[in-house]
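I have placed the structure first, in the form of structure tokens, so that the comments after it can refer back to it.
Nothing in this text is a laboratory measurement; each read-out follows from the coordinates by a stated rule. Every value quoted in this text rests on a predicted model; they were computed, and no experiment measured them. FYI the Cβ positions are ideal-geometry reconstructions off the backbone, even for glycines, and counts take in every protein chain you see.
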């Protein structure tokens, strides 16, 4: 799919941008804020990707023509953390369309934690709870170089579009 790489690329880039905002000097902070705003607004494309995946899942389930038993119809729907996280990842990126929230670092950290929830839980268990964890925290996705280039190209295109529309944080009238 077209935008499946955004979650991993966003996770790496937003960490680097948040570290950079702490290390750079005053004149360069506006460019880092612009990059954070562009990265945040790029999550809208990931939201579309998630909606399309949900649509394909519903389409697949309907194609199976399964008969629902009567006792299952009366049972209430269980909503888990996965469902809440999925809805938040679909809805929260649209908050970045608001000019004042576009470069919000707090909301960016919240979405980063939602995107990398499994890693956050594993790090919490290892460092805070002192439990041994198993599994791999780092993976190299298929065709990673093309996905990195796609992310950079999409980032540049969105930065240029936002610059032309005068929606970058340093272009706002204060």
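Listed values, structure above:
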item	result
Footprinting exposure proxy for 79, 152 (fewest neighbouring C-beta atoms within 10 Å first)	79, 152
Sites residue 117 and residue 4 - FRET efficiency at Förster radius 22 Å, r taken between beta-carbons, to 0.05	0.80
Pair residue 107, residue 52: separation of 7 Å Cα→Cβ label points (nm)	2.4
Residue exposure sequence - 74, 4 - by fewest surrounding Cβ within 10 Å	74, 4
Tilt relative to the chain, helix 144-164 - C-alpha long axis, 0 to 90 degrees, to 10	60
Principal-axis tilt of helix 6-23 within the chain, Cα atoms, nearest 10 degrees	30
Separation of the residue 82 and residue 148 label points, Cα + 7 Å toward Cβ, nm	3.2
Per-pair calculated FRET efficiency, R0 = 35 Å: residue 124 and residue 171 via Cβ, rounded to 0.05	0.35
Computed helical MRE - 222 nm, the chain, DSSP H runs ≥ 4 contributing -39500 (n - 2.57), nearest 500	-21000 deg cm²/dmol
Fewest-first sequence of 82, 3 by Cβ atoms within 10 Å of each Cβ	82, 3
